[in-house]
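Novice: Below is the structure I would like to discuss, written out as structure tokens.
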């Protein structure tokens with residue numbers, strides 16, 4: 001028996017492969033957006049799709065996000081399965097009315113007669129040295145809108161699996177791609193991708209006994225690094241990767257917090273009314289008697305996203321996470 | 001002064017732009033005629049198809065009666081709100097009649113009459129306005145999109161659907177309805193641009209009824225006409241008398257035929273007038289005078305057709321009575337059905353938010369269930 005060494009793949013390649021495989025399997029899958037055709041997207045995530053499937057299946061649209069998403073609604077009404085690329089987090093905002101008033105509500109307002117299987121891919125988050133309007137963490141807007149699923153991968157394998165699951169979903173999915181992890185690598189064999197996971201299942205990425213770090217997307221590698229560093233301080237941290245903000249896998253979160261008794265939520269998005277606020281509220285509702293300390297948060301500051309030369313002060317880093325873990329009342 | 005004559009401009013500095021893009025030089029046919037197209041009261045009316053026009057007349061009379069009944073139901077508290085189309089019936093009816101069965105209609109919230117004229121059960125059409133659910137029908141069954149309350153947002157849907165149908169090789173045209181106010185929205189612009197770039201089989205019918213609630217067209221646009229907006233997108237613009245059902249039907253029919261044949265989209269402006277207030281909640285006397293309304297009442301779509309058909313011997317007193325009787329019967333049935341209390345199940349609130357209920361929704365549904373059970377027991 002010979003084993004072939006699997007080359008490391010990037011998250012960008014896994015995402016491309018997910019769309020490619022979905023398009024090959026299902027002729028109703030259409031990719032559309034700005035620069036997604038000939039160029040392959042500004043991040044090259046749709047590289048080669050127009051060439052392989054034709055411009056009618058991978059379409060360069062006019063530069064108008066409401067029009068892109070609105071047209072995708074009509075296409076989905078007719079039975080297609082559009083995969084829309086929003087070029088950057090902050091460039092998705094012109095499509096908000098379509099997203100909130102139509103995409104999110106269509107299944108409900110038609111009593112289930114007309115669900116919209118649309119995947120909206122949004123590169124999000126900072127840490128890439130982007131100038132203004134290229135680094136927003138916009139997830140709080142999406143998770144506050146009933147009717148949308150909000151999914152975000154943190155690993156190469158999940159990038160493939162979760163995007164396949166999102167495209168296969170009959171509900172609209174806002175698929176948030178942590179753009180600073182686009183070029184992260186892992187041993188991943190595109191010829192044998194793992195089974196497509198269901199949407200809404202969190203994963204314990206690292207087991208530990210002292211406290212739980214709850215995170216997702218771009219902050220997962222930071223949390224794993226913090227957990228390694230914490231060993232020196234004598235803390236054995238568990239790390240939960242949510243993978244999906246809606247639906248939220250509360251069972252996995254609560255089980256972990258009940259085991260460890262302490263928790264910190266980590267995300268780049270602003271703290272005020274961010275996903276962490278919801279998590280903290282739910283943990284105290286469901287795990288109050290298991291808690292050894294208040295649940296804390298490490299988030300982006302409540303400021304407009306900073307200019308690139310200052311963003312390192314804004315983003316949750318290992319030191320800030322460890323400082324926060326230190327405040328979990330270890331003296332008790 | 002030409003470029004060559006500009007100071008410092010010499011042959012050596014001249015360059016030829018790359019052939020990536022060339023301006024269109026054939027814009028003239030896209031321009032609308034300066035006057036709204038009319039048939040009724042003109043020699044063109046000689047060619048009217050009597051049977052078709054009698055059907056139009058019956059639908060107009062029914063439509064007028066539907067408007068009156070819906071307004072009455074609103075006064076009685078049976079509808080939460082009703083945006084009237086009195087005065088605009090010709091546009092509503094023509095839009096419905098011009099489509100084939102497989103075509104799609106994309107109405108705004110004001111266009112329940114068009115939906116009814118296309119064959120939708122009036123009770124289902126009025127569900128949104130009664131308030132027992134948002135959309136009272138399966139859009140795919142009637143090929144009528146949900147009534148769109150956010151202005152102009154239904155237009156890109158029409159483009160996307162028409163585009164998808166064409167990609168699949170299906171013979172489907174989408175007709176999207178919008179008002180004059182809606183033409184100021186960004187979605188109007190984006191939809192028309194997408195439609196033209198994709199050459200989608202879609203027709204946009206703007207019912208210019210003079211007002212966006214209270215704001216007159218002069219404060220809405222500086223365009224010569226709304227139909228002129230088509231030219232900037234590279235599609236033809238057509239201007240038509242929106243109270244002349246024969247004219248609206250003809251212009252719409254031409255546009256639909258062109259779209260079906262692969263000729264791309266058309267923008268049609270139908271000049272009409274909203275005789276009644278924006279809705280029952282509006283007071284039109286605050287922004288317009290009676291004289292203006294009276295002048296438009298003299299150009300009434302039902303009377304225009306009735307006069308023409310009667311004068312040409314295509315319609316007699318019996319025919320008129322027949323149309324009125326049919327309209328009364330429709331109104332009586334509608335009244336009776338709308339007077340029945342709608343059946344509400346509060347637990348429906350949690351259905352169809354997602355294909356599969358989330359844990360959070362299950363918890364909230366249990367909470368409401370318990371509240372309802374407690375209410376029932378007390």
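Novice: Could you tell me which of the residues B:276, B:294, B:336 is within 26 Å of residue B:111 (Cα to Cα) and not in a helix (DSSP H, G or I)?
Specialist: On the way: B:294 fails: not in a helix (DSSP H, G or I); B:336 fails: not in a helix (DSSP H, G or I).
That would be B:276, the only listed residue that is within 26 Å of residue B:111 (Cα to Cα) and not in a helix (DSSP H, G or I).
Novice: Checking the conditions here, which among B:135, B:153 is out of contact with any strand residue (DSSP E or B) (no Cβ under 8 Å at 6 or more places or on another chain), within 11 Å of chain A (Cβ to nearest Cβ) and without any contact (Cβ under 8 Å) to a residue 24 or more places away in the chain?
Specialist: Working: B:153 fails: without any contact (Cβ under 8 Å) to a residue 24 or more places away in the chain.
Going through B:135, B:153 in turn, the sole match is B:135.
Novice: Yes or no: region A:268-276 includes at least one residue that is in contact (Cβ under 8 Å) with a residue 12 or more places away in the chain, within 14 Å of chain B (Cβ to nearest Cβ) and over 17 Å from residue A:126 (Cβ atoms). First the steps, then the outcome.
Specialist: Of the residues in region A:268-276, the ones in contact (Cβ under 8 Å) with a residue 12 or more places away in the chain are A:268-276.
Next cut, within 14 Å of chain B (Cβ to nearest Cβ) only: A:275.
Add one more test, that the residue is over 17 Å from residue A:126 (Cβ atoms), and what stays is none.
No: zero hits.
Novice: Condition first: surrounded by fewer than 22 Cβ atoms within 10 Å (Cβ to Cβ) and over 16 Å from residue B:140 (Cα atoms). Now tell me which residues in region B:167-180 satisfy that.
Specialist: Hits for region B:167-180 are B:167, B:168, B:169.
Novice: With (1) surrounded by 24 or more Cβ atoms within 10 Å (Cβ to Cβ); (2) over 30 Å from residue B:126 (Cα atoms); (3) within 8 Å of another protein chain (Cβ to nearest Cβ) as the list, and residue A:64 as the residue in question, which single condition is left unmet?
Specialist: (1)
Novice: Residues being touching a strand residue (DSSP E or B) at 6+ places or on another chain (Cβ under 9 Å) and surrounded by fewer than 19 Cβ atoms within 10 Å (Cβ to Cβ): count how many of those fall in region A:315-329. Before the answer, list the steps.
Specialist: Residues of region A:315-329 touching a strand residue (DSSP E or B) at 6+ places or on another chain (Cβ under 9 Å): A:315-317, A:320-321, A:323-325, A:327-328.
So of that shortlist, the ones also surrounded by fewer than 19 Cβ atoms within 10 Å (Cβ to Cβ) come out as A:317, A:320, A:323, A:327.
Of the residues in region A:315-329, 4 are touching a strand residue (DSSP E or B) at 6+ places or on another chain (Cβ under 9 Å) and surrounded by fewer than 19 Cβ atoms within 10 Å (Cβ to Cβ).
Novice: Looking only at region B:335-378, count how many residues are in contact with a strand residue (DSSP E or B) (Cβ under 8 Å, 6 or more places away or on another chain) and either exposed (fewer than 10 other Cβ atoms within 10 Å of the Cβ) or touching a residue at least 24 places away in the same chain (Cβ under 8 Å) (or both). Steps first, please.
Specialist: In the first step, residues of region B:335-378 are kept if they are in contact with a strand residue (DSSP E or B) (Cβ under 8 Å, 6 or more places away or on another chain); the result is B:354, B:358.
Narrowing further to those that are either exposed (fewer than 10 other Cβ atoms within 10 Å of the Cβ) or touching a residue at least 24 places away in the same chain (Cβ under 8 Å) (or both): none.
Summing the residues that are in contact with a strand residue (DSSP E or B) (Cβ under 8 Å, 6 or more places away or on another chain) and either exposed (fewer than 10 other Cβ atoms within 10 Å of the Cβ) or touching a residue at least 24 places away in the same chain (Cβ under 8 Å) (or both) in region B:335-378 gives 0.
Novice: Please tell me if residue B:298 is buried (at least 19 other Cβ atoms within 10 Å of the Cβ) and in the same structural domain as residue B:63 (by TED's automatic domain parsing).
Specialist: Values: buried (at least 19 other Cβ atoms within 10 Å of the Cβ): no; in the same structural domain as residue B:63 (by TED's automatic domain parsing): yes.
Against the criterion (buried (at least 19 other Cβ atoms within 10 Å of the Cβ) and in the same structural domain as residue B:63 (by TED's automatic domain parsing)), residue B:298 does not qualify.
Novice: I'd like the full set of residues that are in a helix (DSSP H, G or I) and either in contact (Cβ under 8 Å) with a residue 12 or more places away in the chain or within 14 Å of chain A (Cβ to nearest Cβ) (or both), limited to region B:308-333. Quick ask: steps written out before the conclusion?
Specialist: To start, the set of residues in region B:308-333 that are in a helix (DSSP H, G or I) comprises B:308-311, B:317-333.
Scanning region B:308-333 gives B:308, B:309, B:319, B:320, B:322, B:323, B:324, B:326, B:327, B:328, B:330, B:331.
Novice: Right, here's the next one. How many residues does region B:334-353 hold that are out of contact with any helix residue (DSSP H, G or I) (no Cβ under 6 Å at 6 or more places or on another chain) and at the interface with another protein chain (Cβ under 10 Å from one of its Cβ atoms)?
Specialist: Here the count works out to 3.
Novice: Please verify whether region A:128-137 includes one or more residues that are away from chain B (no Cβ under 14 Å), touching a strand residue (DSSP E or B) at 6+ places or on another chain (Cβ under 7 Å) and closer than 18 Å to residue A:301 by Cα. Lay out the reasoning, then the answer.
Specialist: Restricting attention to region A:128-137, the residues satisfying the condition of being away from chain B (no Cβ under 14 Å) are A:128-137.
From what's left, touching a strand residue (DSSP E or B) at 6+ places or on another chain (Cβ under 7 Å): A:136-137.
Still in the running and closer than 18 Å to residue A:301 by Cα: A:136-137.
The answer is yes; a qualifying residue exists.
Novice: Follow-up. Taking region A:102-127 only, how many residues are away from every other protein chain (no Cβ under 14 Å), surrounded by 24 or more Cβ atoms within 10 Å (Cβ to Cβ) and in contact with a helix residue (DSSP H, G or I) (Cβ under 6 Å, 6 or more places away or on another chain)?
Specialist: Total satisfying the criteria: 6.
Novice: Taking residue B:356, is it part of a loop (DSSP other than H, G, I, E, B) and within 11 Å of another protein chain (Cβ to nearest Cβ)? Working first, answer last.
Specialist: Numbers: part of a loop (DSSP other than H, G, I, E, B): yes; within 11 Å of another protein chain (Cβ to nearest Cβ): yes.
Against the criterion (part of a loop (DSSP other than H, G, I, E, B) and within 11 Å of another protein chain (Cβ to nearest Cβ)), residue B:356 qualifies.
Novice: Separate question: Which condition number does residue B:300 fail, the rest of (1) without any contact (Cβ under 8 Å) to a residue 40 or more places away in the chain; (2) away from chain A (no Cβ under 14 Å) being met?
Specialist: If we test residue B:300 against (1) without any contact (Cβ under 8 Å) to a residue 40 or more places away in the chain; (2) away from chain A (no Cβ under 14 Å), just (1) comes out false.
Novice: Another question about this same structure. What residue, of A:268, A:285, A:331, is farther than 19 Å from residue A:238 by Cβ and outside the structural domain of residue A:233 (by TED's automatic domain parsing)? Let's see the steps before the verdict.
Specialist: Details: A:268 fails: outside the structural domain of residue A:233 (by TED's automatic domain parsing); A:285 fails: outside the structural domain of residue A:233 (by TED's automatic domain parsing).
Among A:268, A:285, A:331, only A:331 is farther than 19 Å from residue A:238 by Cβ and outside the structural domain of residue A:233 (by TED's automatic domain parsing).
Novice: When you go through (1) assigned to a helix (DSSP H, G or I); (2) within 17 Å of residue A:10 (Cα to Cα) one by one for residue A:128, which number turns out not to apply?
Specialist: (1)
Novice: Still on this structure, please answer the following. I'd like the residue in region A:41-58 that is under 24 Å from the mean Cα position of the chain (by Cα) and under 20 Å from residue B:168 (Cβ atoms) and, out of all such residues, is farthest from the other protein chains (Cβ to nearest Cβ).
Specialist: Start the filter on region A:41-58 by keeping residues that are under 24 Å from the mean Cα position of the chain (by Cα), which leaves A:41-49, A:58.
From the residues that got through so far, the ones that are under 20 Å from residue B:168 (Cβ atoms) too are A:49, A:58.
On the way: A:49: 16, A:58: 12 Å.
Taking the candidates together, the pick is A:49.
The values are calculated or read from the model by the stated rules, or taken from the named source; none is laboratory data. Because the structure is a prediction, the values reported are computed rather than measured. Backbone-built Cβ (ideal geometry, glycine too); neighbour counts: all protein chains shown.
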